[in-house]
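First the structure, in the form of structure tokens, and then the observations on it.
The values are calculated or read from the model by the stated rules, or taken from the named source; none is laboratory data. Just so we're clear, the structure is a prediction, and the values are computed from it rather than from any experiment. Note: ideal-geometry Cβ built from the backbone for every residue, glycine included; neighbour counts use all protein chains shown.
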Amino acid sequence: MLPNSEQFSALLSTLSADLVAFLPELILAGGITLLLFLRLFPQLCRVHSGFVAAGVVALALTTLLGNGHVTTNADWEPGAFTGLLRLDLFSQFLRGLLLLFTLLLLLLCDQTGIPDRDDSADFCVLLLGGTLGLMLMTSANHLLMVFIGLEMASLPSYALAGFLKGQRTGSEAALKYVVYGAASAGVTLYGISLLTAVFGTGNLVTVTQGLGHMIADSESVPLLPMAGLCFLFVGFGFKLAAVPFQFWLPDVFEGAAAEVSAFLSVASKAAAVGLTARVLLLLQEANPESVRLAETLGIALAVVATITATWGNLAALTQTNLKRMLGYSTIAHAGYMLMALSTLRKDGMAAVLVYLVMYLVMNLGAFAVVAVLRNRTGAETIAACRGLIARSPAVGVSLTIFLASLLGLPPLGGFVGKFLVFSAVYDAGQAYAVAGSPTLEWVYSLLLGVGIVNTVVSAGYYLAVLRSAGLDEAEATDASGHALPLGEPWGVAVYLVGLSIVLLILGLVWNPLITLATSAIR
Amino acid sequence: MSDPTNLALLALGLPLLATILAAVMGTCSTLAKWAHLPVVTAFAGSAILALLVLSKVMQATGSEVAFLSTAQTWFHAGNLQVDFQITVDPLSALMLMTVTFVGTWIAVFSVGYMHDDPGYARYFSLMALFVFSMCLLILASDLLLLVAGWEGVGLCSYLLIGYYYAKPSAAAAARKAFLVTRLGDVGMILGIFLFWQAGGYHTNFDKLFAHITANPPDSVTLTTACLLLFCGAIGKSAQFPLYVWLPDAMEGPTPVSALIHAATMVTAGVYLLARAMPLFVLSPDAQIVVALIGGFTAILSAFIALAQHDLKRVLAYSTVSQLGYMFMALGAGGPVSANLVVTAAIFHVFTHAFFKALLFLSSGSVMHAMGNVIDMRKFGGLRTLMPVTHITFLCGAAALAGFPLLSGFWSKDLIIDMVYQASEHGGSHATLYGLVFLTALVTAFLTAFYTFRAYFLTFWGELRTPPEAGHHAQESPLGLLAPLIVLAFGAVLAGITVEPFAHGFSNLLVKAPSVVLANSVLHVEAEATHPHFDFALAGISTLLALSGMALAWWHYRTGIETVPAALKSVYRLSENKLYVDEIFNGMFVKPAEWLAVLSRLCDGLLDGVARVVSFIPRLIGALLKPLQNGLVQFYALGMVLGLAVFLTVVVVRTSQ
């Protein structure tokens, strides 16, 4: 049954509108092709691919920001490309965040010299490919797209994790990552097939509508769709590194280059959080009056959040390797974000979007310091930080700001994120109490307490690094006993100081960001 | 520039600019010795501008004179709106003039006194900041802006008293000054916010006064708030029981003492109460407390001043005593109309600024010559050695003692008159005001006696100089003497020219908006604009002053101190400052130290507990470590088990 000419032209005009909105992804795809082509011509190899890739990402970012016609989420109600993607403000926010992060990461890579010129084309292709997959994750509106996005993001990540050639730990970590990722992908795919089987479609809206009504209305929910949903969350949990899907993360972070760790810790997490938030929001929208969803899935997520944050923080306390410690801190932060997600409320989701922005800046900064340390001292341990402030004020002070922000001290961005998350949790407890569920009030109050205690515990390892950097004597000294300068290139110093200043500004002026995040959720 | 507020803003800005310039010059060793230039210039400029401002205020017509600068929002949070705005009215114009004029001459004196000091630039920078803070305090239109100046004054006093920070006694004195005045400031802030709450959430003076006088809160709140505000004044203006910091404050360089005592710090409390007169007249109970505290402080410190050996300490206690007079006058507001008591207090601030600055600078000149020795037992008979200093000191001492026709005589007499009138019309508090009146008279006698005791011990009898003086023992150079001479003329003539016949102060201050408002609260008719001279009272106070001076001459003309056996115990009491420091030490400092020791013990205990608690997460972390064993099979097992648990929980809960 072919469409008639009128329907055909209507479809064409929707298609062209969809393509315009999809332009950033197309540009990335074009950039990947371009980078691969450049390798064929030896003359062109002299151009460092990092610059080309950064240019491509910058172009994509400008295009995305120029997409002014997406003003409300209602514009995208049916979804683009016959409902496969949902290029609304929410996805706009996260895609912008991902592109911005990739751009910053490419600039950092250019400064730190990982990868070298020979490998840079491969590295950049993988990075852009991963970003493309993550962007698809954030805008997926169909279970198929969810899976494609997850896999498109995961496969380049496996390769990136083992990118440091000739390093045993890196290769081993990459292999573990692949095995673990494959297992979780299998479970996810099983969940998707279950859901599709029950609801007859993979469209996320239809599936979540059906599920939401099932949970809210019926006395008992059939096992099949519930299992499907849980299996789906395995894939998200793997990307988020939530307990019990976090085992791969410390090993991979320790084995991979700091730049790659930054990518895995920030970009993967942003996309996973976005996707989870979208699914949870759709579920809640299916039946907004009912507290049953919160009483089942919300409590389960709160438990996972509690365990994840506590696990990450406790395990980080005993670490000596800086990257591994930051890996556990990543797990702990995933826990904080899950706390906000577990509220299943719009202000919780908005809080988590703001949290992601802060998290992007501070975690990127922390990993950048690790990269600098690796380049200048050859070690990535906490001991390598000794006397860092004396050796290099710019790096030392920046590290102080990043870690203080990760800990959540005002007036830095991390405090804002944590504050918004905690207040969202508190508000959720109050709101659910009004809605008639004292259990939930109790649960969210407990969750708030867990978050606060965890923050205190996290001071133990963040401050240990700062003590080492600020108070301990530097190991490398000159003849007269003065600390040797670290000798970082000025570009890196400018980069780090710039990130610190951004973090400080974000900690002081956060109203615009909240407005933006709230409009992305509504 | 015709608007007086612009002139006043400029007068405010110049010292701030000088602060920055002097501080910058201090960074360069060749420029540092010229650091006095911007400061003296700025002070002189401010004084001229203040004079212009005053003349504008005097020319202005109408029953109320006030010029307000355009308000700039300083900060705004909820109900609290604080503007940066300055008020030029008769009260602030007169104070500004006094402060900048006396400040200028003290700065000039400092140029000679502080030369070759290693911290020369720091000294002048802080002086300028001190004067700036005081000007800000005076010109502020808002209570919280006044607090900004108030705290600036406190900070600068701390830094300048502790100027010789390597000297332990100076550091201790600075700390004492800061902490003791801080005690009062706590009360003041509480008072401000009590008024803020009761006064329609205004901190702006005019709006607050208008609101409070239109809707007076209940008398308990009002009295509490007034007394809390008065706490700030007690601290800053060194009244009982918080006066203890002022005598120690002479650890700073002598010109700093002159600045603190004459111009920039201790008068702040008097000014605050004069400014807040509309609030205080609403509460007669608060007013009698003010008068009683003033009276008690006056006689207490006058008694202590009787037997001090340190010349500067005598002067310091005399300042405390004279400030007590000012508070007596202010406390009389209510029974007596507001314009009269404010005139009396501010007029005394004015004359006191001259003669106290003069006395301190003269003693500085003595100290300069005596090789920094200031103990009157170690020198004497200096009138032949230092003739100019001798004459200027005599002028100041006579003015302080209330010698007829000198400036102190007029202002002190006015205050005694106010207190007398209050005891006549004081209503239920008449007896107490009568007590204050008697105190004022006795204090007048004591003042004359101790002032001239110090004068005779220093300048009369045989010439004696301490060994520390060496060949330095000679008259000070002209650079030090010039300010003394100028101030001596002020001490002699400032009183008679301004008020008793010309009524410069009373005619001007009656037009200050806060005074007008206070009068309208009291329902006072406008006819009593200036005080009439009471010959009987003047006669009594003259007699007391002269007899005090005569007694001092009779006993101390030899320049040697002898104590009659009968008075030994009284003398000891005075010499040891009535053991007030010791009492405070026993009452507050010792218990605080015990508390500190106790806290330390508790801290040790808590520290142990905290260590144990902080060990727990580490322990659990170490227990979790083996789970991360690097075996991917185990990881997969963990994943599957976790998923199973998660699924079971969700399914079980949804099936309930």
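Computed quantities for the displayed model
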{"item": "Test result for A:Ser268, crowded, with 21+ Cβ neighbours inside 10 Å and more than 10 Å from chain B (Cβ to nearest Cβ)", "result": "yes"}
{"item": "Per-region count, the range A:224-251, residues within 17 Å of the chain's Cα centre (by Cα), more than 9 Å from every other protein chain (Cβ to nearest Cβ), under 15 Å from A:Ala182 (Cα atoms) and part of a helix (DSSP H, G or I)", "result": "4"}
{"item": "Residue check for B:Gly548: more than 14 Å from every other protein chain (Cβ to nearest Cβ) and surrounded by 11 or more Cβ atoms within 10 Å (Cβ to Cβ)", "result": "yes"}
{"item": "Test: residue in the range A:142-149 that is surrounded by 19 or more Cβ atoms within 10 Å (Cβ to Cβ) and not in a helix (DSSP H, G or I)", "result": "yes"}
{"item": "Residue match in the range A:319-334 (condition: in contact with a Ser or Thr (Cβ under 8 Å, 6 or more places away or on another chain), modelled with pLDDT under 85 and more than 12 Å from every other protein chain (Cβ to nearest Cβ))", "result": "no"}
{"item": "Failed item in (1) outside any helix (DSSP H, G or I); (2) more than 23 Å from B:Ala23 (Cβ to Cβ), with B:Tyr163 passing the rest", "result": "(2)"}
{"item": "Verdict on A:Leu360 being within 11 Å of the chain's Cα centre (by Cα) and more than 22 Å from A:Thr169 (Cα to Cα)", "result": "yes"}
{"item": "Positions within the range B:43-86 being in a loop (DSSP other than H, G, I, E, B) and either on the phi > 0 side of the Ramachandran plot or not hydroxyl-bearing (Ser, Thr, Tyr) (or both), in sequence order", "result": "B:Ala60, B:Gly62, B:Glu64, B:Val65, B:Ala66, B:Ala71, B:Gly78, B:Asn79, B:Gln85"}
{"item": "Qualifying residue in the range A:134-155 (condition: among the polar types (S, T, N, Q), farther than 29 Å from A:Ala277 by Cβ and outside the structural domain of A:Val361 (by TED's automatic domain parsing))", "result": "no"}
{"item": "Flag if A:Ala140 is more than 14 Å from every other protein chain (Cβ to nearest Cβ) and not charged (D, E, K, R)", "result": "yes"}
{"item": "Scan of the range A:83-114 for residues that are under 18 Å from A:Ser49 (Cβ atoms) and touching a Gly at 6+ places or on another chain (Cβ under 8 Å), ordered by number", "result": "A:Leu106, A:Cys109, A:Asp110, A:Gln111"}
{"item": "Qualifying residue in the range A:439-456 (condition: surrounded by 15 or more Cβ atoms within 10 Å (Cβ to Cβ) and farther than 26 Å from A:Met339 by Cβ)", "result": "no"}
{"item": "Complete set of residues in the range A:449-467 that are under 26 Å from A:Ala431 (Cβ atoms) and free of Cβ contacts under 8 Å to residues at least 40 places away in the same chain", "result": "A:Gly449, A:Ile452, A:Val453"}
{"item": "Matching option when the condition is closer than 23 Å to B:Ala353 by Cα, touching a Ser or Thr at 6+ places or on another chain (Cβ under 6 Å) and part of a helix (DSSP H, G or I), among B:Ser125, B:Ser133, B:Ser157", "result": "B:Ser125"}
{"item": "Test set (1) over 30 Å from A:Asn454 (Cβ atoms); (2) out of contact with any strand residue (DSSP E or B) (no Cβ under 6 Å at 6 or more places or on another chain) - B:Gly642 fails condition number", "result": "(1)"}
{"item": "Count of the range B:603-624 residues which are more than 10 Å from every other protein chain (Cβ to nearest Cβ) and either of a type in the set (Gly, Ala, Ser) or touching a residue at least 12 places away in the same chain (Cβ under 8 Å) (or both)", "result": "3"}
{"item": "Condition broken by A:Val179, with the remaining ones in (1) farther than 23 Å from A:Thr296 by Cα; (2) more than 12 Å from chain B (Cβ to nearest Cβ) satisfied", "result": "(2)"}
{"item": "Selection within the range B:625-656 - of a type in the set (S, T, N, Q) and either facing chain A (nearest Cβ under 7 Å) or not in a helix (DSSP H, G or I) (or both)", "result": "B:Gln628, B:Asn629, B:Thr654, B:Ser655, B:Gln656"}
{"item": "Residue identified as surrounded by fewer than 19 Cβ atoms within 10 Å (Cβ to Cβ), within 18 Å of the chain's Cα centre (by Cα) and of a type in the set (A, V, I, L, M) among B:Leu160, B:Leu155", "result": "B:Leu155"}
{"item": "Which listed residue is assigned by TED's automatic domain parsing to the domain that holds A:Thr455 and either in a helix (DSSP H, G or I) or among the aliphatic types (A, V, I, L, M) (or both), from A:Gly298, A:Gly274", "result": "A:Gly298"}
{"item": "Residue in the range B:567-601 that is farthest from B:Ile304 (Cα to Cα), counting only those that are exposed (fewer than 13 other Cβ atoms within 10 Å of the Cβ) and aromatic (Phe, Trp, Tyr)", "result": "B:Trp594"}
{"item": "Conditions (1) farther than 23 Å from B:Asp285 by Cα; (2) hydrophobic (A, V, I, L, M, F, W, C); (3) touching a residue at least 40 places away in the same chain (Cβ under 8 Å): number failed by B:Phe195", "result": "(1)"}
{"item": "Helices (runs of 4 or more DSSP H) wholly inside the range B:200-317 containing at least 1 residues that are within 30 Å of B:Ile374 (Cβ to Cβ) and not aromatic (Phe, Trp, Tyr)", "result": "B:219-236, B:245-248, B:254-258, B:267-275, B:284-305"}
{"item": "Subset of the range B:383-439 [within 21 Å of B:Phe355 (Cβ to Cβ) and among the charged types (D, E, K, R)]", "result": "B:Arg383, B:Lys412, B:Asp413, B:Asp417"}
{"item": "Checklist (1) under 18 Å from A:Ala159 (Cα atoms); (2) modelled with pLDDT of 90 or more applied to A:Phe199, failing item", "result": "(1)"}
{"item": "Residue check, B:Val341 surrounded by 24 or more Cβ atoms within 10 Å (Cβ to Cβ) and in contact with a Ser or Thr (Cβ under 6 Å, 6 or more places away or on another chain)", "result": "no"}
{"item": "Count - residues of the range A:302-343 that are surrounded by 24 or more Cβ atoms within 10 Å (Cβ to Cβ) and in a loop (DSSP other than H, G, I, E, B)", "result": "1"}
{"item": "Matching entry among A:Leu189, A:Leu164 (being more than 9 Å from every other protein chain (Cβ to nearest Cβ), more than 19 Å from the chain's Cα centre (by Cα) and in a loop (DSSP other than H, G, I, E, B))", "result": "A:Leu164"}
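The rows are residues; the columns are (1) more than 30 Å from A:Trp311 (Cβ to Cβ); (2) of a type outside the set (Lys, Arg); (3) out of contact with any helix residue (DSSP H, G or I) (no Cβ under 6 Å at 6 or more places or on another chain).
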| position | (1), (2), (3) |
| --- | --- |
| B:Trp553 | yes, yes, yes |
| B:Val609 | no, yes, yes |
| B:Ile620 | no, yes, no |
| B:Gly642 | no, yes, yes |
| B:Val651 | no, yes, no |
